[in-house]
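Colleague: Following this message is one structure expressed as structure tokens.
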Amino acid sequence: MEKMPEHGKGNGIPLGINGLGRIGKLTLWHHVGRKYFSEIVVNMGRRVGSSIADLAHYIERDSSYGSLHAYLYGHRSKRLITDLNDKNGTMRIDGVPVRILRDSRNPKDIAWDIHDIKLVVDTTGQFLDPTLPPDQAGGSIRGHFDAGAQKVIVSAPFKIKDKSKSMPEDAVTTVMGVNDTDYDPRIHHVISNASCTTTCLAHMMKPLINSFGPKKILTASMATVHAVTGSQQVLDRPAESGATDLRKNRSILNNIILTTTGAAKTLALVIPEMKQIGFIAESVRIPTTTGSLIILVVNLQEESSGGSIRRDTINQIYEEASRNDPNGYLQYTEEQNVSEDIIGVPRAAAIIEGHETHTRTADVSIDLRKVEGIRKELLAQDDPTLLKISITQAVIYGWYDNELGSYVNILGDRTVSIAENM
């Protein structure tokens, strides 16, 4: 895996960011601090408040991470946003020129070409289908190309609406530290950075696959205990016409809400060996603003000889993988953490809570009469229905800051690595 360029050593090109929601604003924070890009052009597509000072107020403060200046430089720092110009839509943030575009929300109409933007990070979550044409009604991710961009990174998994269509050749999904080398700058122009959950899950599954191989992992399942997102409701409200999941319209303030995740499907794009493993992924939303947890359960087939797979075996796999990770995306700890402890931890795709790893080995009996392909003459005469296999079930906990600490910082690495090859 290529080494990430250091902070502050930029190549002089500007960066475009479409959208200024949770991921968009924190992506701006990341690149202001990193100072790799010479200028950052943010497309809002509309005006905010009564002047650009109101937008600066929003950028400067965050309910999860505090103020931008304190995040970058500590509690003795001073405010960093200066040179506000409402007419031009410009400001400086810690010396970095930032321009706000407020005219167009459709990607094809954004003025990227006027501002020489070749690389765009789309954080809106609205344009996720790479098969749609640039002039699609309501907008398309490919509209950015008509507007002047050459590469577009999507801060979410792709979602192809027409199931008869396949993934275009110029589109790829990558997770840094897992399959980022799948990106070919000559071929790929639309890049999905997957999701925060897939990023964590990929870093949890990859060491197990490397150690045991996909055939020894019989099944796996995960549940993410996930912080709320902007798609949920603050207070109960009626569902939209045709909605099938009524829970999405219940208050995020005082409910544990069962929902879905596409992590299992996306994971197979990132780690092809997952197609050989039976896998289920579920999600539970809880009333916290950030900081999430994956509970991963894997069933492993034991060897016919040798010791059982124990808790120490699993922890050693992760501890070694963590030591050998050049970018620190996978971290291992024996400490007893709570979710607040991992918020803001930089580039921690997954923090394995080794203290809570559990294993249990048991013999599983299989009725051979229900197994396809077993010839009757091969069944034992004394007990034709019984076959015992030793299986170890392992439960592994992985923390991740689903916003800035994990996902956005790793998205920033993906962005810089693509810029390096432009």
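Colleague: Quick one: P(r) of segment 15-168 from all Cα-Cα pairs, 10 Å bins, percents rounded to integers, in order of increasing distance.
Modeller: Per 10 Å bin, starting at 0, the Cα pair percentages come out as 11, 40, 32, 14, 3, 0.
Colleague: Now for a different question. Place a +1 charge on the Cβ of each Lys and Arg in segment 15-168 and a -1 charge on the Cβ of each Asp and Glu, then give the dipole magnitude about the Cα centre in debye, rounded to the nearest 20.
Modeller: Roughly 380 debye for segment 15-168.
Colleague: Using only the Cα atoms of segment 197-403, build the gyration tensor, take square roots of its eigenvalues as a ≥ b ≥ c, and label the shape rounded, prolate or oblate: rounded if a/c is under 1.5, else prolate if a/b is larger than b/c, else oblate.
Modeller: oblate
Colleague: Turning to a different aspect of this structure: For the charge dipole of the chain, defined by +1 on Lys and Arg C-beta atoms and -1 on Asp and Glu C-beta atoms about the Cα centroid, which residue among THR313, ILE410, GLY19 has the Cα displaced farthest towards the positive pole?
Modeller: Going by the Cα projections, it comes out as GLY19.
Colleague: Another question, if that's okay. Dipole size in debye (nearest 20) for the chain around its Cα centre, Lys and Arg Cβ +1, Asp and Glu Cβ -1?
Modeller: Approximately 860 debye in magnitude.
Colleague: Note down the relative contact order for the chain as a percent, whole number, built from C-alpha pairs under 8 angstrom at least six residues apart.
Modeller: For the chain, the relative contact order is 15 percent.
Colleague: Going through the cross-link list LYS35/LYS108; LYS216/LYS265; LYS118/LYS165; LYS248/LYS275; LYS151/LYS216; LYS87/LYS248, which pairs have a Cα-Cα distance over 32 Å in this structure?
Modeller: As for pairs spanning more than 32 Å Cα to Cα, those are LYS151/LYS216; LYS87/LYS248.
Colleague: Something else: Loop only per DSSP, at most 16 neighbouring Cβ atoms within 10 Å: give me the GluC sites (Glu not before Pro) in segment 202-305, ordered by residue number.
Modeller: The qualifying sites are GLU240, GLU303.
Colleague: Can you give me the C-alpha center-to-center distance between segment 148-201 and segment 387-422, rounded to a whole angstrom?
Modeller: With segment 148-201 and segment 387-422 each reduced to a Cα centre, they are spaced 15 Å.
No value in this document is a laboratory result; all are computed from the given coordinates. Note that the coordinates shown come from a computational prediction; the quantities given were computed from them, not determined experimentally. Glycine gets a Cβ as well: all are built from the backbone with ideal geometry, and neighbour counts include every protein chain shown.
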